[in-house]
1. Out of all the residues in the stretch A:211-224, which are closer than 22 Å to residue B:120 by Cβ and either surrounded by fewer than 24 Cβ atoms within 10 Å (Cβ to Cβ) or not β-branched (Val, Ile, Thr) (or both)?
2. Report the residue count in the stretch C:289-338 for those that are of a type in the set (S, T, N, Q) and modelled with pLDDT under 95.
3. For the stretch B:217-271, enumerate the residues that are more than 9 Å from chain A (Cβ to nearest Cβ) and part of a strand (DSSP E or B).
4. So which of B:135, B:174, B:163 ends up being under 18 Å from residue A:231 (Cα atoms), in contact with a His (Cβ under 8 Å, 6 or more places away or on another chain) and outside any strand (DSSP E or B)?
5. Is it the case that residue B:166 is closer than 26 Å to residue D:221 by Cβ, β-branched (Val, Ile, Thr) and surrounded by 24 or more Cβ atoms within 10 Å (Cβ to Cβ)?
6. Assess whether residue C:305 counts as being farther than 29 Å from residue C:163 by Cα and hydroxyl-bearing (Ser, Thr, Tyr).
7. Please verify whether the stretch C:274-292 includes one or more residues that are aromatic (Phe, Trp, Tyr) and more than 25 Å from residue D:74 (Cα to Cα).
8. Tell me which strands (runs of 3 or more DSSP E) are completely within the stretch A:1-94 and hold 2 or more residues being facing chain B (nearest Cβ under 10 Å) and either within 21 Å of the chain's Cα centre (by Cα) or surrounded by fewer than 18 Cβ atoms within 10 Å (Cβ to Cβ) (or both), or say none if there are none.
Number of protein chains: 4
Amino acid sequence: MKAEETLTAAIPMRQVGPLRLVYDGAEETVCVPMATFESPLWPSTARGARVSMQTAGIAVSIAADVMARSILLEAPSAAEAVAAVASLCNDKPRIAEAVNTTSRFGRFSDLHWQIVGNLVYLRIEMQTGDASGHNMVTAGAEAAMNAILAWHPNLRYSSLSANYCTDKKTSAVNGILGRGKYAIAELRVPEALCRKLLRTTPQAIATLNTRKNLLGTALAGGTRSANAHAANMLLAVYLATGQDAANIIEGSQAFTLAETDQETGDLRFSVTLPNLIVGTVGNGKALPFVEANLEALGCRQARATGDNARRLAAITAAAVLCGELSLMAALTNPGELMNAHRKLERAGRE
Amino acid sequence: MKAEETLTAAIPMRQVGPLRLVYDGAEETVCVPMATFESPLWPSTARGARVSMQTAGIAVSIAADVMARSILLEAPSAAEAVAAVASLCNDKPRIAEAVNTTSRFGRFSDLHWQIVGNLVYLRIEMQTGDASGHNMVTAGAEAAMNAILAWHPNLRYSSLSANYCTDKKTSAVNGILGRGKYAIAELRVPEALCRKLLRTTPQAIATLNTRKNLLGTALAGGTRSANAHAANMLLAVYLATGQDAANIIEGSQAFTLAETDQETGDLRFSVTLPNLIVGTVGNGKALPFVEANLEALGCRQARATGDNARRLAAITAAAVLCGELSLMAALTNPGELMNAHRKLERAGRE
Amino acid sequence: MKAEETLTAAIPMRQVGPLRLVYDGAEETVCVPMATFESPLWPSTARGARVSMQTAGIAVSIAADVMARSILLEAPSAAEAVAAVASLCNDKPRIAEAVNTTSRFGRFSDLHWQIVGNLVYLRIEMQTGDASGHNMVTAGAEAAMNAILAWHPNLRYSSLSANYCTDKKTSAVNGILGRGKYAIAELRVPEALCRKLLRTTPQAIATLNTRKNLLGTALAGGTRSANAHAANMLLAVYLATGQDAANIIEGSQAFTLAETDQETGDLRFSVTLPNLIVGTVGNGKALPFVEANLEALGCRQARATGDNARRLAAITAAAVLCGELSLMAALTNPGELMNAHRKLERAGRE
Amino acid sequence: MKAEETLTAAIPMRQVGPLRLVYDGAEETVCVPMATFESPLWPSTARGARVSMQTAGIAVSIAADVMARSILLEAPSAAEAVAAVASLCNDKPRIAEAVNTTSRFGRFSDLHWQIVGNLVYLRIEMQTGDASGHNMVTAGAEAAMNAILAWHPNLRYSSLSANYCTDKKTSAVNGILGRGKYAIAELRVPEALCRKLLRTTPQAIATLNTRKNLLGTALAGGTRSANAHAANMLLAVYLATGQDAANIIEGSQAFTLAETDQETGDLRFSVTLPNLIVGTVGNGKALPFVEANLEALGCRQARATGDNARRLAAITAAAVLCGELSLMAALTNPGELMNAHRKLERAGRE
């Protein structure tokens, strides 16, 4: 096999759903493409989608949208590092100017810093339109860096990427300062529906969520994470829509919350994904199956800059919610999970 | 489109290498299949592989190999929780017996616990042969749970999975107690080779590693992680070899270490992956492209149980090292990274 | 002032309580000495103690008791590091022998490892009787290290302490592998009592605990921690009983759990402190006020080795629970916390 | 003993130093009061101070100064939570007005948020002058909350403190968004001095710092922390100067950095403490020994608001650096640490 030949890894993919989505002021039904080697993921997510169809729908909000890259500079001393940072924080318009020359859609939004000894870590944050924005922030950060090095000749280059960004690595900074879309998907499930379709109760899911997703994750030494298996749904949607799926690392730092409404007894179920990195343009988006999927999802329409990508984030978050709800419900019932798995494994072999 | 129809996501894939590998007492050259939407990953990893070809090779050791699932039980009180755990810790042979009935290859290896109030988290650990072992540990944990509930009628079921496992979620527990193969890949690069092929010095890489991978990640609030982009290489090899790629979450919690040999001046470069979850049998492994890749990697041979999977872990770790070395070297040179990206992007469009 | 002259910092101290304690099969009432500059801490903790007096008491269990020190060794290669670790794991009796010569009370209990590249981190764990055990584990680790260096001439010394211990630093390892007493204090508060003494409901406290202590801490990027202010009570008891109070760092990584009993409606309230490091002998314990406090607490009696220290851990955990309960209750009532503070501040000035 | 009687815990205290300090444009020598049960801490810190006396001094910079409290509000839905947050982010001047009425010195500085499902976490940040500011931010946060609840009648109170502050709990948020003084202390030690006074080399300390403080802490699952024993020095200075010493929890999340100057061969040694919470007014500061210590440190002079507290932070950071340098140097020499301890323990008993 010639090393330069490009082959394909043909990963099984299905359309899962429909699920009922409430986004951007409208209600609609959507099927979500999911590519995975783990076929039990499809029926599991589909069960959550079926629940959503009998409710008012999964309402998704996007609370923020930003991309970031950090650079690393070296000052002669901590005092000079502090002085340089203070000056740069007063110089944001000039930095914005440098950054914004690098792209038609990328726009500087803010700057954050850390200093350790004489080392300066600068986190350049940008809006990146419909692109996930990795390359855009790298180019923007490089431009900012070159400008800063010109303005502050006492600073020296240390690295164009300094892990305070941080890309495809678990962190707290991404959730606190933002990286990707900050998506919140929520669903209200009446108790009767909970019993009928999920064979469980709102209280059982709420208790399990506290014990497993919050407390269990804390015991495991998890960071900014409280969910059952968000990574599975993220991976499958990412692969089906041409995303850089290594971003499931930060994407999966998601918070599932389940509470019982004290008045109605409904299950209030939500999944919050503060770092959902997706794009509808860029690497991988021109592949035929990706284009078809993005078209079918309505993420290739003429919209304001960034709206297609945010729509994709909303749909992805809804799919994550479906998978979370289904697994959490299953775990409240002893035996259900393994029986379902066994049945699916058998079915998969037939 | 009919919901139940299975399509495929055709992800671009290349054979990258060859790299020189030293594993299990033998030296060999290997090409590694990588499937990704991010085409610059191929030449970047290939550069690291080229360096390895001019050295004694990337030596990989597997220090441990285990899989885990945690269950959650509820006791009437903390005192009874403590008593039950003490009893179970003395009952490991009986638990092993229950666990080992569930699989031909899965073998109980140990048990760890946490107690919070009256809640008992038990982490069941097993050897799972050539399978990554997700289903095996779930079945084993279920058997253990049923036995324990029978022996301790004062305990009640709370969950078959309690996030102290922990699967596809960032954590500290997986690295400390083990989950997946504990793989260490190391390479010694003489200074002259470092300058010639990577246009940098051992000292520059060592300094950058401390500042970026260790300190930068700490600043970002990372957990048990110190690397530049391990997730990228892991994802690509996982997709090409039929792995459940959501396991890059824990897999990417890897440690890149770079030191200058005080005597020879060589760069000592290593990547340690304490949670490399891979298998050569199970879901996804029967797909034709997966079979072809596993065959080509020598991971479908008649070996002792688990040896094929450990070999795959070793090769994966070596590929991660190649990508880490290449990016770290590039970052020591201002401008190199963006120029390389721009060139590749252009090439990709032609 | 002559540098070598020893003065005293006279920190205000009160006896807080009594609280009702159930420990080691007996029920008793205890007043807990607390030294602090923050006088509102006394009435806050006292309120929790008053609640306990009207219940069956705060039941405390000690689930484990161990101390640890990690050493760092350097091997010529990762392969040799792996081989050395494998050999050492088979050599525990010999390591125990080396460790146990260093102290009359210190006893080797186990060994855990991490390998990064060619570096070996060994965590030596010991029982240390009634001492908190810092010096004992250092001496034990040094003995183990010297023995290991003699047995494995290919290993080299790198450090007697390697932060995988870890002492007075936040971590996940201490909770997972153990360091200090693993103490669990729990209290059942009937709903009527909750309303009468705490002006709140079990459900309100349970909901707040999930939102604030679990979710809020996760958002903050906390590690293995879910409590409101355990550090405050720990510090005050530590100072009053001669403890090395820098150990509140790991001590405060505690889990407050609050659930409503589905059958009785009681509040089930517990605080779990996996890393409570206390001793009744050693540095500071011979100071007159410390001796008086330890005597009054019944922690200077003729008991089996370690029992005095474990009793002190149990009392400390009970005091932490009192403070947690009081603050959590106050926070469920808008205005209560600030009003209480204002009143106390005024009282403090009179 | 009457419960309400206030006694004192008389903790041994010494003046350690002098150390050479460069702060706020001036060079001076300072003795630092340290109260501790652990007497070996005094000579250890004093050794670092002696090194500083033969250099240009420990230069300390304060890069930021802020205090924070988070509140928790509940919206009817995630969509309304997002809308409320967006509105509040545009309403900062009005929030500042509400906050600033609560104190003469406290000033609103910024606002950050997190949303999970329908829950809103708001982090109110303030300048608090010479006070550490715990009470000031609580009062400010309460005022902000009352105003917000009046402006947004769809929001409901959930908690006045929500652990996204976060107070006396380990976190990432405090370092990333700021809480306390952000202090950086750095010292340049020529190689000859390093050999003479510390019996080690810059390279040995730099290597150990990477292996122990950075890598060892990462292995332990530490969060935003890389130091040997910052907590010890912090505790001792805090107790001697009337600080709420439970704040060593966040204070000890400090970064020790050691690099060899490539040109001069000097050791560049620094300790960065992003969360140093100290005050020179407030609880505990009126005690005679505290007043005497603050006077002696020059922290009770007529200065601009906040300057006395920042000076205290600078001195504290310098003391931490002395202790870090001394222990790190000792650990590079096999046997030194235990021998020193044994000698001191013996001396302490005489």
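1. Answer for the stretch A:211-224, where residues must be closer than 22 Å to residue B:120 by Cβ and either surrounded by fewer than 24 Cβ atoms within 10 Å (Cβ to Cβ) or not β-branched (Val, Ile, Thr) (or both): A:211, A:212, A:213, A:214, A:215, A:216, A:218, A:219, A:220, A:221, A:222.
2. Qualifying residue count for the region: 1.
3. Within the stretch B:217-271, B:255, B:256, B:257, B:258, B:259, B:260, B:267, B:268, B:269, B:270, B:271 qualify.
4. B:135
5. Numbers: closer than 26 Å to residue D:221 by Cβ: yes; β-branched (Val, Ile, Thr): yes; surrounded by 24 or more Cβ atoms within 10 Å (Cβ to Cβ): yes.
In short, yes.
6. no
7. Scanning the stretch C:274-292, I find at least one residue that is aromatic (Phe, Trp, Tyr) and more than 25 Å from residue D:74 (Cα to Cα), so the answer is yes.
8. On the way: elements: A:7-23, A:26-35, A:58-74.
So the answer is A:7-23, A:26-35.
The values are calculated or read from the model by the stated rules, or taken from the named source; none is laboratory data. Keep in mind it's a predicted model, so treat the numbers as computed, not measured. Every residue, glycine as well, gets a Cβ built from its backbone with ideal geometry; the counts of neighbours run over all protein chains shown.
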